[in-house]
Each structure stands twice: as C-alpha cells, then as structure tokens.
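The values are calculated or read from the model by the stated rules, or taken from the named source; none is laboratory data. This structure is a prediction, so every number in the text was calculated from the model and none was measured. Ideal geometry is used to build each Cβ from the backbone, glycine not excepted, and the neighbour counts take in all protein chains shown.
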Amino acid sequence: MFHSSSQYSTMDGQNRKDIYPGLEVGIILKKDQRSGNITYGVVKDLLTSSAFHSRGIKVRLEDGQVGRVAEIVED
C-alpha cells in the first residue's frame, strides 16, 4: 500500500475525520510503542484536536485506556 503525507484519506487512524465515538479501533498504548502491540476497543473520546497526526489520532477507549489509533476495525 502506498502511503503519502498528502490530503488523501487512509484508514490507518491518522485522519481525525475518520474517527468518532463508538468506532471500534486498534490502538497502540504508550507502553507498547516499542513492541507495536495493538489493543482493541471502542472509542469514547478523541484527544487529538488537529485534523491529521502522523503517528495516529490519540483516543480514550470506553475502558479508559489511552493510545494512538493504529487501525480502524472494518465491519
């Protein structure tokens, strides 16, 4: 898959407009940044205010865990 830092939308959690409360996502917790371990859950709050973030939009899951979106779980 070709990745570009332009305005094209990718479903990898870098664009705030793709993420909303109730969405099922995979996040990388701060403690898992080195290992890349992904934790799955449902978005409760969006914590990143900018429209785009290169390492993923930061969210709080319904269970209270905070991390950056690594992937969006498709239906």
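The table for this structure:
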quantity	calculated
Any hit, region 5-25, residues being at positive phi and at pLDDT 95 or above	yes
Filtered residue count, region 51-75, keeping only those that are within 9 Å of the chain's Cα centre (by Cα) and either hydrophobic (A, V, I, L, M, F, W, C) or exposed (fewer than 13 other Cβ atoms within 10 Å of the Cβ) (or both)	5
Positions within region 41-61 being part of a strand (DSSP E or B) and under 8 Å from GLN14 (Cα atoms), in sequence order	PHE52
Scan of region 6-29 for residues that are surrounded by 11 or more Cβ atoms within 10 Å (Cβ to Cβ) and over 14 Å from ILE72 (Cα atoms), ordered by number	LEU29
